[in-house]
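Report on the structure given below.
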Amino acid sequence: MDTARQNPLYRAPEAPAVPQLPPELAYIWTWFTQLNQKRQCGMAVNALTSAEILAWQARHGVRFDPFEEGVIDRLDVLFMHHQNKKE
């Protein structure tokens, strides 16, 4: 254990705040996680295709409005960025 932590005045740094998902957007996150489970993977993880998204919508009787479609697309971009990030 390091000497600074033994000092009675030592305070551990606070963990960074994790942003919370707004309840109004929780349904879109649920849709994205369901879509993500159907993602095609070959040698690497692939982006969701329009055909996969349309098939999911047809299967679940859902039609994304432009805002929802944009959020799904952005989540997919972020997911792909995270998957392809070099450690």
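Structure above, values below:
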{"quantity": "Considering residues of region 3-31 that are part of a loop (DSSP other than H, G, I, E, B) and of a type in the set (Gly, Ala, Ser) only, the residue nearest to Ile72 (Cα to Cα)", "calculated": "Ala17"}
{"quantity": "Positions within region 32-77 being β-branched (Val, Ile, Thr) and in a loop (DSSP other than H, G, I, E, B), in sequence order", "calculated": "Thr49, Val62"}
{"quantity": "Residue tally, condition of a type outside the set (A, V, I, L, M), more than 17 Å from the chain's Cα centre (by Cα) and surrounded by 11 or more Cβ atoms within 10 Å (Cβ to Cβ), over region 28-87", "calculated": "5"}
{"quantity": "Test result for Leu21, of a type in the set (A, V, I, L, M) and either in contact (Cβ under 8 Å) with a residue 60 or more places away in the chain or open to solvent by 80 Å² or more (accessible area, probe 1.4 Å) (or both)", "calculated": "yes"}
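The values are calculated or read from the model by the stated rules, or taken from the named source; none is laboratory data. Values in this document were obtained by computation on a predicted structure and should not be read as measured data. As a convention, Cβ positions derive from the backbone with ideal geometry for all residues, glycine included, and neighbour counts pool all protein chains shown. Ligands, DNA and RNA are excluded from the accessible area calculation, which covers all protein heavy atoms including side chains. Shrake-Rupley method; radii C 1.70, N 1.55, O 1.52, S 1.80 Å.
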